[in-house]
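Have a look at the structure below before the remarks.
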Amino acid sequence: MNRKTTMLQAFLLPVIPLCGQHLSAQQKTQPNILCVVCEDISPFLGCYGDPVAQTPNLDRLASEGVRFTRMYTTVGVSAPSRAALITGMYPSSIGANNMRTSTNTLKSSPETGVLPYEAVPPPEVKCYTEYLRAAGYYCTNNAKTDYQFKSPVTAWDENGNKAHWKNRPEGMPFFAIFNLNVTHESQIWERANEPLTTRPEEVMLPPYYPDNAIVRRDMAIMYSNIHEMDKQVAQLIQEVEDAGLLDNTIIIWYSDNGGPLPRGKRELYETGTNVPFMVRYPDRKGSATVDDNLHMFLDIPASILSLAGIRPPAYMHGQAFLGQYKKKKGREYVYGARNRMDEAVDKQGAARDKQFRYIRNYMPGRSDFLNNAYQSNIPMTRNMLELYRQGKLNDAQSKWFKPDRKREEFYNVQKDPYELNNLIDDPAYHKEITRLRKAYDAWDKHYNAWWQPDERTLRSMMWPGGEQPVTKDPVFMEKEGKIALRSATPGASIAYQINGNGYKKGQWLLYTVPFSVKPGDVVTAKAIRIGYKESEVVTR
């Protein structure tokens with residue numbers, strides 16, 4: 001992508017009304033949008049055909065909405081995926097594909113030695129919630145961000161553990177995200193002593209797991225955590241219903257990546273990238289239907305904007321598959337890329353259509369297992385590694401550990417859903433391999449100029465001289481009795497307060513267009529571009 005882009009023009013929407021002012025006619029008709037995001041699960045749900053899962057509330061959601069079977073992350077781990085979810089961009093194209101760019105532990109890695117940093121996308125890239133705020137939505141996030149850059153103050157009206165759509169001005173439409181942590185990978189060991197709602201003997205093992213008590217127990221914990229998450233989803237939906245808003249609220253539910261067990265999370269295989277995704281409309285449009293088209297996480301921001309009646313910005317890599325601006329032509333391929341996972345370094349890219357997956361390994365001769373210290377907290381990870389070293393795993397169970405992967409992999413996922421049989425040398429698939437290889441090359445060439453450098457070089461490109469760039473202070477301009485705000489930093493967004501308030505004390509409003517103030521009002525403002533430090537707070 002060409003990063004020599006011009007600064008995004010000012011929003012052309014009316015300024016957001018201050019608390020106490022009347023809502024516009026447009027705001028009164030806009031749907032509320034509730035996003036519930038769980039962590040680290042593949043489609044282990046009853047409505048997706050899993051006979052073990054106990055998910056009555058999500059099964060009901062599927063019966064009242066649309067269930068998507070081919071929704072894909074860009075990589076099977078949270079931070080790069082969440083970069084795509086907040087920007088609508090391939091994380092590999094904006095310097096955001098290495099896991100946890102801002103974690104201080106990076107510098108202790110013998111393979112990286114990279115100091116912490118934040119990804120710096122091109123100047124036109126915004127958190128998509130700014131467009132919702134500019135259109136009159138009250139936007140809240142409770143509470144995880146993990147975007148590979150600090151969440152800008154302009155992204156949310158509220159962001160944190162106490163953020164809630166109930167805090168909005170009365171009658172104002174809301175967009176709210178709630179993140180449920182109970183299914184996170186860490187909960188396999190942190191909730192190990194909680195009562196199980198799924199018995200270990202009930203679970204069905206994939207062929208790449210050995211059948212023993214340790215594996216079965218960890219799988220039972222995973223299913224029990226999913227059952228608890230299912231109840232938490234119901235509580236969030238019940239809050240909307242109790243407020244009398246269900247008939248004007250779109251509910252979107254999904255997982256942030258696959259997993260959470262070995263050969264799931266962090267992988268580019270189906271087990272790491274294919275996630276459950278469901279949408280329920282207020283009028284139950286499409287109830288109990290299934291969408292089996294290919295979709296990606298970077299399509300979700302464009303689709304949410306489209307549902308709100310907002311045209312997605314042209315710079316987004318994603319395309320709307322829902323709402324007013326839904327694209328008529330769907331995706332032929334989805335793509336993904338894997339880089340450093342905490343302290344473990346790798347580089348892979350992938351292209352997938354409805355039947356096949358192509359993977360390119362830039363570090364062949366290694367194993368897919370990265371010996372990640374965090375993942376090794378899972379008892380079955382340690383157990384499987386020990387059994388492998390003892391030569392007690394069969395071929396399917398050993399595949400993840402063997403340091404013999406080829407430069408390329410090719411799987412017929414339709415016939416081989418566990419992706420155990422690499423067909424890259426099978427002449428019967430030459431035509432399909434060539435087609436996906438060309439699709440991958442075209443994607444890589446078009447989008448991934450900033451994916452080619454090593455991470456140390458990438459950091460210096462985004463933070464010249466090793467220092468985080470700083471957003472220029474906003475400047476006040478007065479014309480015809482109104483105040484305008486500008487920053488000299490290309491792509492900067494501006495937040496402001498009037499007498500220390502937004503909608504309530506201490507909140508920051510998003511600047512869109514010039515606004516009026518009363519005599520004696522004190523206006524404070526600060527500017528921020530994604531990946532930059534905030535400017536100083538200036539006062540008029």
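The values are calculated or read from the model by the stated rules, or taken from the named source; none is laboratory data. Everything numeric in this text was worked out from a predicted model, so none of it was measured. FYI the Cβ positions are ideal-geometry reconstructions off the backbone, even for glycines, and counts take in every protein chain you see. Just the protein is used for accessible areas: all its heavy atoms, side chains included, with ligands, DNA and RNA removed. Shrake-Rupley method; radii C 1.70, N 1.55, O 1.52, S 1.80 Å.
Exactly one condition in (1) under 26 Å from residue 354 (Cα atoms); (2) of a type in the set (A, V, I, L, M); (3) in contact with a helix residue (DSSP H, G or I) (Cβ under 9 Å, 6 or more places away or on another chain) is not met by residue 115; state its number.
Checking residue 115 against (1) under 26 Å from residue 354 (Cα atoms); (2) of a type in the set (A, V, I, L, M); (3) in contact with a helix residue (DSSP H, G or I) (Cβ under 9 Å, 6 or more places away or on another chain), the one that fails is (1).
Could you pull out the residue among 393, 370 that is modelled with pLDDT of 95 or more and of a type in the set (A, V, I, L, M, F, W, C)?
Values: 370 fails: modelled with pLDDT of 95 or more.
On inspection, the qualifying residue turns out to be 393.
Give the number of residues within the stretch 63-84 that are open to solvent by 10 Å² or more (accessible area, probe 1.4 Å) and touching a strand residue (DSSP E or B) at 6+ places or on another chain (Cβ under 8 Å).
5
Taking the stretch 387-438 as the search range and keeping residues that are of a type in the set (D, E, K, R) and assigned to a helix (DSSP H, G or I), which one is farthest from residue 356 (Cα to Cα)?
Among them, the one singled out is 389.
Considering every residue within the stretch 309-325, establish whether at least one is of a type in the set (Lys, Arg), touching a residue at least 12 places away in the same chain (Cβ under 8 Å) and open to solvent by 30 Å² or more (accessible area, probe 1.4 Å).
Taking the stretch 309-325 and keeping what is of a type in the set (Lys, Arg), we get 311.
After this cut, where a residue has to be touching a residue at least 12 places away in the same chain (Cβ under 8 Å) as well, the list is 311.
In the following step, the residues that additionally are open to solvent by 30 Å² or more (accessible area, probe 1.4 Å) were identified as 311.
Yes.
(1) in contact (Cβ under 8 Å) with a residue 40 or more places away in the chain; (2) under 30 Å from residue 210 (Cβ atoms): which one isn't true of residue 416, the others all being true?
The number of the failed condition is (1).
If you go through the stretch 413-436 one residue at a time, do you hit one that is among the charged types (D, E, K, R), closer than 30 Å to residue 193 by Cβ and surrounded by fewer than 16 Cβ atoms within 10 Å (Cβ to Cβ)? Steps first, please.
Step one: filter the stretch 413-436 for residues among the charged types (D, E, K, R), giving 415-416, 419, 425-426, 431-432, 435.
Pick out the ones that are also closer than 30 Å to residue 193 by Cβ and you get none.
No: the stretch 413-436 contains no residue that is among the charged types (D, E, K, R), closer than 30 Å to residue 193 by Cβ and surrounded by fewer than 16 Cβ atoms within 10 Å (Cβ to Cβ).
For the stretch 164-197, which residues satisfy the criterion of being surrounded by 19 or more Cβ atoms within 10 Å (Cβ to Cβ) and either in contact with a Phe, Trp or Tyr (Cβ under 6 Å, 6 or more places away or on another chain) or in a loop (DSSP other than H, G, I, E, B) (or both)?
Within the stretch 164-197, 165, 168, 172, 173, 174, 175, 176, 182, 183, 184, 185 qualify.
Residues to consider are 144, 126; find the one that is under 29 Å from residue 330 (Cβ atoms), part of a loop (DSSP other than H, G, I, E, B) and open to solvent by 10 Å² or more (accessible area, probe 1.4 Å). Working first, answer last.
Values: 144 fails: under 29 Å from residue 330 (Cβ atoms).
Answer to the selection: 126.
Inside the stretch 472-507, can you point out the residues that are in contact with a strand residue (DSSP E or B) (Cβ under 9 Å, 6 or more places away or on another chain), closer than 19 Å to residue 531 by Cα, open to solvent by 40 Å² or more (accessible area, probe 1.4 Å) and not in a strand (DSSP E or B)?
Residues satisfying the conditions are 472, 473, 488.
Identify, from the list 56, 43, 17, 31, the residue that is open to solvent by 10 Å² or more (accessible area, probe 1.4 Å) and either touching a Ser or Thr at 6+ places or on another chain (Cβ under 6 Å) or at pLDDT below 95 (or both).
Working: 56 fails: either touching a Ser or Thr at 6+ places or on another chain (Cβ under 6 Å) or at pLDDT below 95 (or both); 43 fails: either touching a Ser or Thr at 6+ places or on another chain (Cβ under 6 Å) or at pLDDT below 95 (or both); 31 fails: either touching a Ser or Thr at 6+ places or on another chain (Cβ under 6 Å) or at pLDDT below 95 (or both).
Within the list 56, 43, 17, 31, the selection yields 17.
Are any of the residues in the stretch 345-357 of a type in the set (S, T, N, Q), in contact with a strand residue (DSSP E or B) (Cβ under 6 Å, 6 or more places away or on another chain) and modelled with pLDDT of 95 or more? Walk me through it before giving the result.
The first filter runs over the stretch 345-357 and keeps only residues of a type in the set (S, T, N, Q), leaving 348, 355.
Next cut, in contact with a strand residue (DSSP E or B) (Cβ under 6 Å, 6 or more places away or on another chain) only: 348.
Then drop every residue that is not modelled with pLDDT of 95 or more, which leaves 348.
Yes, the stretch 345-357 contains a residue that is of a type in the set (S, T, N, Q), in contact with a strand residue (DSSP E or B) (Cβ under 6 Å, 6 or more places away or on another chain) and modelled with pLDDT of 95 or more.
Being in a helix (DSSP H, G or I) and at negative phi: is that true of residue 224 here?
Details: in a helix (DSSP H, G or I): yes; at negative phi: yes.
When the stated conditions are applied, residue 224 passes them.
Restricting attention to the stretch 129-141, and to residues there that are part of a loop (DSSP other than H, G, I, E, B) and in contact with a Ser or Thr (Cβ under 9 Å, 6 or more places away or on another chain), which single residue is nearest to residue 298 (Cα to Cα)? I'd like the intermediate steps shown before the answer.
Going through the stretch 129-141, the residues part of a loop (DSSP other than H, G, I, E, B) turn out to be 135-137.
With the extra rule that they be in contact with a Ser or Thr (Cβ under 9 Å, 6 or more places away or on another chain), the set shrinks to 136-137.
Working: 136: 23, 137: 21 Å.
Among them, the one singled out is 137.
Considering (1) free of Cβ contacts under 8 Å to residues at least 40 places away in the same chain; (2) of a type outside the set (D, E, K, R); (3) open to solvent by less than 40 Å² (accessible area, probe 1.4 Å), say which one residue 515 fails and leave the rest.
Evaluating residue 515 over (1) free of Cβ contacts under 8 Å to residues at least 40 places away in the same chain; (2) of a type outside the set (D, E, K, R); (3) open to solvent by less than 40 Å² (accessible area, probe 1.4 Å) leaves (1) as the failure.
Taking residue 465 as the residue in question, decide whether it is open to solvent by 20 Å² or more (accessible area, probe 1.4 Å), over 26 Å from residue 114 (Cβ atoms) and outside any strand (DSSP E or B). If you could, list the steps in order and put the result at the bottom.
Working: open to solvent by 20 Å² or more (accessible area, probe 1.4 Å): yes; over 26 Å from residue 114 (Cβ atoms): no; outside any strand (DSSP E or B): yes.
Spelling it out, it is not the case that residue 465 is open to solvent by 20 Å² or more (accessible area, probe 1.4 Å), over 26 Å from residue 114 (Cβ atoms) and outside any strand (DSSP E or B).
So is residue 101 modelled with pLDDT under 95, part of a loop (DSSP other than H, G, I, E, B) and either open to solvent by 10 Å² or more (accessible area, probe 1.4 Å) or among the acidic types (Asp, Glu) (or both) or not? Write out each step before concluding.
Numbers: modelled with pLDDT under 95: yes; part of a loop (DSSP other than H, G, I, E, B): yes; either open to solvent by 10 Å² or more (accessible area, probe 1.4 Å) or among the acidic types (Asp, Glu) (or both): no.
No; evaluated as a whole, the condition is false for this residue.
Every residue, every condition in (1) open to solvent by 10 Å² or more (accessible area, probe 1.4 Å); (2) aromatic (Phe, Trp, Tyr); (3) not in a loop (DSSP other than H, G, I, E, B), yes or no:
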{"site": "253", "(1), (2), (3)": "no, yes, yes"}
{"site": "259", "(1), (2), (3)": "no, no, no"}
{"site": "264", "(1), (2), (3)": "no, no, no"}
{"site": "267", "(1), (2), (3)": "no, no, no"}
{"site": "275", "(1), (2), (3)": "no, no, yes"}
{"site": "283", "(1), (2), (3)": "yes, no, no"}
{"site": "286", "(1), (2), (3)": "yes, no, no"}
{"site": "290", "(1), (2), (3)": "yes, no, yes"}
{"site": "295", "(1), (2), (3)": "yes, no, yes"}
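Out of all the residues in the stretch 379-412, which are within 25 Å of residue 187 (Cα to Cα), open to solvent by 20 Å² or more (accessible area, probe 1.4 Å) and in contact (Cβ under 8 Å) with a residue 24 or more places away in the chain?
Listed by number, the residues that qualify are 379, 383, 387, 397.
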